[in-house]
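S.K.: I'd like to ask some things about the structure below.
Please treat every number below as a calculation from the coordinates, not as lab data. Bear in mind the structure is a predicted one, so any value in this text is a computation, not a measurement. Positions of Cβ are backbone-derived with ideal geometry, glycine not excepted, and every protein chain shown enters the neighbour counts.
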C-alpha cells in the first residue's frame, strides 16, 4: 500500500468519524435535558405549542370492580382545564381549574374548592394543558439510568413536579415516547403513589397522544381508552369555572 493511499484512507477515516460523531452522540444521551429534548421532537411538541384548545373523549373502566363509564377532558391555553368522568352506578365526577380557582364536584363529597397540594396539582395539570408538554411540569430532572418497561428499554428520569411531588419518568430509549410515570398524588385521603402506563401512541395533527392510559394506585387500576382528540375547537371559558352548587 502506497504512502499516498494510506494517507487517503486515514483522511477518509477521519472524515467518516466526523460525520458519524453526531449520530453516535444522538444515540447516547448524556443527561436528562438531552433525553427530554428528543422526547419533545418525537412527541411533536413544537406543533403542539401552536394548539390553543384540546378536547378529548373516550371510555374509562375499572376491570377488577366491573365498573365502566366515559370521560371528557378539555384544555385551553395557557392554564385552564376540565375533566368529566361519568361512571355507571356512581354518577359524574368533575375537576376543573379556571386559571385561579381549582374545584371538584362528585356524588360522594359534593362541591368543594381545592386547596394546598391538591390545588398545586391541578394547576400543574393545567400548565401542561393543551401543549401536551411534560417538560413544563418537571423541576431539576436527572437521568439515573435505564430500565425495562414491558419489553422496551427506557431512560429513567427523576425530578420534582411543579406541585412539589417526586416523579419518575420512563422514556422509550428508541422512540423517545413516555412509557410510564410514577408519582405521588395529593388526595383528600392523603398522598397516594400512582403508576401511569402510556400505550398505543397515535399522531393527531402532528402531535403524539397515548390512546390507552392505565393508572394503578392502592390496588385499583383504571384504564382510559381515548376515542377522539380535537384541536382548536371553540371552548367557552365558563365551563372551567367552579359551579355555584
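S.K.: Fully extended, how many nm does the chain gain between residue 70 and residue 92 (0.36 nm per residue separation, minus their Cα-Cα distance)? Let's see the in-between values first.
M.R.: Working: separation 22, 0.36 × 22 = 7.92 nm, distance 0.95 nm.
Net length gain for the segment: 7.0 nm.
S.K.: Computed on alpha carbon atoms, what radius of gyration and Dmax characterise region 111-200, expressed in Å?
M.R.: In Å, with Rg to one decimal and Dmax whole: 13.9, 44.
S.K.: In whole Å, how far is the Cα centre of region 35-64 from that of region 86-154?
M.R.: 13 Å
S.K.: Next question, about the same structure. Calculate I(q)/I(0) for region 27-95 by the Debye formula, one identical point scatterer on each C-alpha and no solvent, and give its log10 at q = 0.22 Å⁻¹ to two decimals.
M.R.: Treating every Cα as an identical point scatterer, log10 I(q)/I(0) equals -0.91.
S.K.: Continuing with the same structure: What's the Kirkwood radius of region 58-182 in Å, using all Cα pairs?
M.R.: Values: mean 1/r = 0.0614 Å⁻¹.
Its Kirkwood hydrodynamic radius stands at 16.3 Å.
S.K.: Sum -39500 (n - 2.57) across every DSSP H segment of at least 4 residues in the chain, then divide by the residue count to get the 222 nm mean residue ellipticity, nearest 500. Working shown, then result.
M.R.: Details: 4 runs with 54 residues, N = 245.
It comes out at -7000 deg cm²/dmol, rounded to the nearest 500.
S.K.: Which angle from 0 to 90°, rounded to the nearest 10, does the C-alpha axis of helix 116-128 make with the longest principal axis of the chain?
M.R.: For 116-128 against the chain, the angle is about 50 degrees.
S.K.: What residue among 68, 30, 94 has the largest mean-square fluctuation in a Gaussian network model of the chain, using Cα springs under 10 Å?
M.R.: Residue with maximal mean-square fluctuation among 68, 30, 94: 30.
S.K.: In whole Å, what are the Cα extents of the chain along the three principal axes, biggest one first?
M.R.: Principal extents (largest minus smallest coordinate, Cα): 90, 38, 32 Å.
S.K.: How far is it, in nm, from the label point at residue 174 to the one at residue 101 when both lie 7 Å from their Cα along the line to the Cβ?
M.R.: Inter-label distance under the simple model: 5.0 nm.
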